Amino acid sequence: MATAVDKTKSRLGARGLRGLLLIGPAVLFLVAFFVLPLFDNAMRSFATADGQGFTLARYVQLLTDRFYLGVTLETVVLSTVVTLICAAIGYPVAYFLVRKAGRWSGLVIFLLIAPLLTSIIMRTFGWQVLFARRGLVNNLLVQELGWLERPLQIMNTPAIAIIGLVHVLVPFMVLSIATVLQGIDRRLEESAQILGAGRWRTFREVTLPLSADGIGTGAILVFMIANGSFVTLVLLGGGFQTLPLFIYQQFNTTRDFSMASAMSTVLLVIALACLYLQLRLVRRQGGS
Amino acid sequence: MAAELRLADIHKSYGPVQAVDELDLTVGEGELLALLGPSGCGKTTTLRMVAGFEEPDRGTIRIGGDDVTYQPPHKRNLGMVFQNYSLFPHRTVAENIAFGLRMSGASRAEQQTQVARMLDMIRLPGREDMYPNQLSGGQQQRVALARSLVVNPRVLLLDEPLGALDRSLRESMQFEIREMQQRLGITTLLVTHDQEEALSMSDQVAVMNAGRILQIGAPSTIYDRPASRFVAEFLGTSNILTGKADADGRKLAAGAYSFALPEPQPAGAPVVLSIRPERMVLGDEAERCPSRLRGRITGAVFRGSYAAYQVRVEGMENEIFVYRQADGPLGAITYRVGEEHWLGWNADDGILVDPE
């Protein structure tokens, strides 16, 4: 008896050891270069100036001070606006991709993903060429068509930052929605039609509610990435004062590392909250 | 609200494929017609044209005399039940059933009474607030039926409605749907590839193949008097004997054999004879049959209410199937594989069919 138990034990032990060896390097790497720094970062945000004590002062300041609250709010508002625009643009594209593109769907997906494959520098210069004071768009509107008296000021306004973010983030929205749309049984829509619902009514009553999960997943994804976006905002300007930009500023100009740490923790908490929401969405889908 | 459904000269092709070819079909008021055929025969395309999801290239579809050929589906006032039920997963049973009423602008109170009435009819009272995925397959199917009937449709379309159910449930649902259809007197078009379903549920069966209707008739006629070889073989098992009529046209000459024909044929004409396995006689009684063969039993299968035998006859291409009603205790197999026996049939049980 005893030997049998010992045997199974040792066999389990051997299997566990082999498993540990396999995931070991990845775990070690993540712990050393991701978890520990994050932990260190979080600890720094709680440390008093002399590095000895524990304080919540920075979080109190972040969450009560008008200025800092404004920064957090601006971050969330910008991300929300970008998310809403992505959903508005992304849904029709996803619908077209799934329902109408047919054999062209590969090409549509490539065109969608193309912006993600180009470097941020190239994209930024692209926007310059298009939207500069004497850029393509203004040339067209003022000189060629004569629709406007004066060139539009787009570069260095919030608009260009939003356009830039939407441009890179819309594929995430489209692909999230397309995946769900793909899975909707067309006969559900046909059932609604037979029962007297026109095209628009069918869309509103059946297609849209059934693809809500796709919109949800896409929205969370876009919102999270927009929340943390930095390079696009730095390069395109637009005068936004968001958390990532402010963290950068704290590090480089103000050199208040602890405040930067606190802000990045706030950003992290928002991201975790989003992940939690997404997890719940996925679980609901799995359950039904 | 029942209405006659009439399809005239319907053509539909997808590229080079002729899906439906010169189809004429009438389903009388309150009648149930089954479109029966193998997959890809055009039966589903036909149903989808009646529903309005596809447009025919040519021809007209009339419901109760109105030309609806190019009318969009939501204006046709039809009911439809799909194979996978297609209940709205995000809506409760009550909301599913009330959907059609809501689309036509019925009041909330009216919706409620109708839903309760339908749930009583399908014997699922009190399930208003459940979601489709909380119901069994058979219950979902009944809810789908209720959802399509609550709007008093002019025509009910059933697309392989029992295909997803298991065998025992399928049989009781056949009775249930048929009973409801007759009680409500609703014109119904049923599409199925299951011959048993077609035979047991309908007033008329239309057998389709390759986009064409081969034969329309009452189930018993289609089964007992198949017009063509395809119909004979698609509906149940048939023993097919091919050959030519002999000099006086009274017998079929097939290789070394010769069988009496049910009616005289022109001399030398190619003849195809179909005999149902249950019309075949095996053993000593067969010696008295005018048409008989000697063969060796190569297979014997117990099938509950009857026994099925496979008999190999010297010089014949295909084995002959014979079904024998249970005569011993519960269809015990009375003949053994390897034994040699006579098998035969009466001239009237041989049916002349079109070679196609």
Inter-chain shielding metric for A:96-104, i.e. average beta-carbon neighbours from other chains within 10 angstrom, reads 0
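Within the stretch A:206-251, report the chymotrypsin sites (Phe, Trp or Tyr not before Pro) that DSSP leaves as loop and that have at most 16 other Cβ atoms within 10 Å.
Numbers: sites: A:Phe223, A:Phe230, A:Phe240, A:Phe246, A:Tyr248, A:Phe251; in loops: A:Phe230, A:Phe240.
Of the chymotrypsin sites (Phe, Trp or Tyr not before Pro), the ones in loops of the stretch A:206-251 whose Cβ has at most 16 other Cβ atoms within 10 Å are A:Phe230.
With only Lys, Arg, Asp and Glu charged, each at its Cβ (+1 for the first two, -1 for the last two), find how big the charge dipole of chain B is about the Cα centre; round to the nearest 20 debye.
Details: 37 positive and 46 negative charges, 149 e Å.
Dipole about the Cα centre, nearest 20: 720 debye.
What ranking of A:Trp147, B:Trp345, A:Trp127 comes out by heavy-atom accessible area, probe 1.4 Å, highest first? Please list the in-between numbers first.
Details: A:Trp147 180, B:Trp345 0, A:Trp127 35 Å².
Largest accessible area first, the list is A:Trp147, A:Trp127, B:Trp345.
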Along the stretch A:126-139, Karplus-curve 3J(HN,Hα) (6.51, -1.76, 1.60; θ = phi - 60°) to the nearest Hz, with x for Gly and Pro, reads x, 5, 4, 4, 6, 10, 4, 3, 10, x, 4, 5, 5, 3
One finds the C-alpha centres of the stretch A:213-241 and the stretch A:52-126 to be spaced, in Å, by 3 Å
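With each run of n ≥ 4 DSSP H residues scored as -39500 (n - 2.57), what mean residue ellipticity at 222 nm is computed for chain B after dividing by its residue count and rounding to the nearest 500 deg cm²/dmol? The partial results should precede the final answer.
Working: 8 runs with 84 residues, N = 356.
When only DSSP H runs of four or more count, the value is -7000 deg cm²/dmol.
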Computed ³J(HN,Hα) along the stretch A:23-40: with the Karplus parameters 6.51/-1.76/1.60, θ = phi - 60°, integer Hz and x for glycine or proline, the list is 8, x, x, 5, 5, 4, 4, 5, 5, 5, 10, 10, 5, 4, x, 4, 4, 4
The helix B:137-149 Cα axis meets the longest alpha-carbon principal axis of chain B at an angle in degrees, between 0 and 90 and rounded to 10, of 60 degrees
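Once you have a ≥ b ≥ c as the square roots of the Cα gyration tensor eigenvalues for the stretch B:180-255, tell me rounded if a/c is under 1.5, and otherwise prolate or oblate according to whether a/b is larger than b/c.
Details: a/c = 3.10, a/b = 2.71, b/c = 1.14.
Note, shape of the stretch B:180-255 comes out prolate.
Given the stretch B:20-74, report the % of alpha carbon pairs whose separation exceeds 17 Å. List each step's numbers first, then the result.
Working: 569 of 1485 pairs.
So the portion of pairs separated by more than 17 Å is 38 percent.
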The rounded separation in angstrom of the Cα centers of the stretch B:278-322 and the stretch B:1-73 is 42 Å
Within the protein assembly as shown, the percent of DSSP beta bridges that are antiparallel, given to the nearest 5, stands at 75 percent
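Relative contact order of chain A: what whole-number percent is it, with Cα pairs under 8 angstrom and at least 6 residues apart?
So the answer I get is 24 percent.
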Chains A and B: accessible area buried, summed over both chains, 1.4 Å probe, nearest 100 Å², reads 1900 Å²
By the Cα gyration tensor axes a ≥ b ≥ c (a/c under 1.5 gives rounded; else a/b larger than b/c gives prolate, otherwise oblate), the shape of chain A is oblate
At q = 0.10, 0.11, 0.12 1/Å the base-10 log of I(q)/I(0) from the Debye formula over the alpha-carbon atoms of the stretch B:5-226 is -0.44, -0.53, -0.64
For the stretch B:35-49, Karplus-derived ³J(HN,Hα) couplings (6.51, -1.76, 1.60; θ = phi - 60°; whole Hz; x for glycine and proline) come out as 8, 10, x, x, 5, x, 8, x, 5, 5, 4, 4, 4, 5, 6
Stokes-Einstein D for the protein assembly as shown (20 °C, 1.002 mPa s, Kirkwood Rh from Cα pairs), in µm²/s, comes to 67 µm²/s
Contact-by-burial set, the stretch B:34-67, min loss 30 Å², accessible area of protein heavy atoms with 1.4 Å probe, reference chain alone, gives B:Phe53
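Compute the FRET efficiency between B:Ala210 and A:Leu117 as 1/(1 + (r/R0)^6), taking r as their Cβ-Cβ distance and R0 = 51 Å, and round to the nearest 0.05. Working shown, then result.
Numbers: r = 49 Å, r/R0 = 0.97.
My answer for the efficiency is 0.55.
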Given unit charges at Cβ for Lys, Arg (+) and Asp, Glu (-), the dipole magnitude of the protein assembly as shown about its Cα centre in debye, nearest 20, is 2580 debye
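For B:Thr46, A:Thr48, A:Thr64, write out the residues from largest to smallest accessible area, computed with a 1.4 angstrom probe and no ligands counted.
On the way: B:Thr46 0, A:Thr48 40, A:Thr64 95 Å².
Result of the area sort, largest leading: A:Thr64, A:Thr48, B:Thr46.
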Residues whose modelled amide H sits under 5 Å from the amide H of B:Gly64, counting only those 5 or more places away in sequence or on another chain, are B:Glu4, B:Leu5, B:Arg6
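Loop only per DSSP, at most 13 neighbouring Cβ atoms within 10 Å: give me the chymotrypsin sites (Phe, Trp or Tyr not before Pro) in the stretch B:1-88, ordered by residue number.
Values: sites: B:Tyr14, B:Phe53, B:Tyr70, B:Phe82, B:Tyr85; in loops: B:Phe53, B:Tyr70, B:Phe82, B:Tyr85.
Sites meeting the loop and neighbour criteria: B:Tyr70.
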Distance in nm between B:Asn133 and B:Asp348 label points, each 7 Å along Cα→Cβ, equals 5.9 nm
Under 20 Å by backbone N from the virtual spin label 7 Å along Cα-to-Cβ at B:Arg336, the residues of the stretch B:276-312 are B:282-285, B:295-303, B:307-312
Heavy-atom accessible area of the protein assembly as shown with neighbours in place, 1.4 angstrom probe: carbon+sulfur share in percent works out to 58 percent
For A:Thr80, A:Thr232, the accessible-area ranking with a 1.4 Å probe, largest leading, is A:Thr80, A:Thr232
Honestly the stretch B:198-356 on the Cα gyration tensor test (a ≥ b ≥ c root eigenvalues; a/c under 1.5 rounded, otherwise a/b vs b/c for prolate or oblate) is just oblate
Candidate cut points under GluC sites (Glu not before Pro) in the stretch A:120-214, DSSP loop plus at most 13 other Cβ atoms within 10 Å of their own Cβ, are A:Glu149
Listed by chain and number, the aspartates and glutamates with an alpha carbon less than 13 angstrom from that of B:Lys12, same-chain partners under 8 positions apart left out, are B:Asp21, B:Glu22, B:Asp24, B:Glu54, B:Glu55, B:Asp57
With the dipole of the stretch B:261-353 defined by +1 on each Lys or Arg Cβ and -1 on each Asp or Glu Cβ, the option from B:Met316, B:Leu273, B:Val301 whose Cα lies farthest towards the positive pole is B:Val301
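The values are calculated or read from the model by the stated rules, or taken from the named source; none is laboratory data. Quick caveat: nothing in here was measured; it's all calculated off a predicted structure. Quick reminder, even Gly has a Cβ in these numbers, built from the backbone with ideal geometry, and neighbours come from all protein chains shown. Heavy atoms of the whole protein, side chains included, go into the accessibility calculation; ligands, DNA and RNA do not. Shrake-Rupley method; radii C 1.70, N 1.55, O 1.52, S 1.80 Å.
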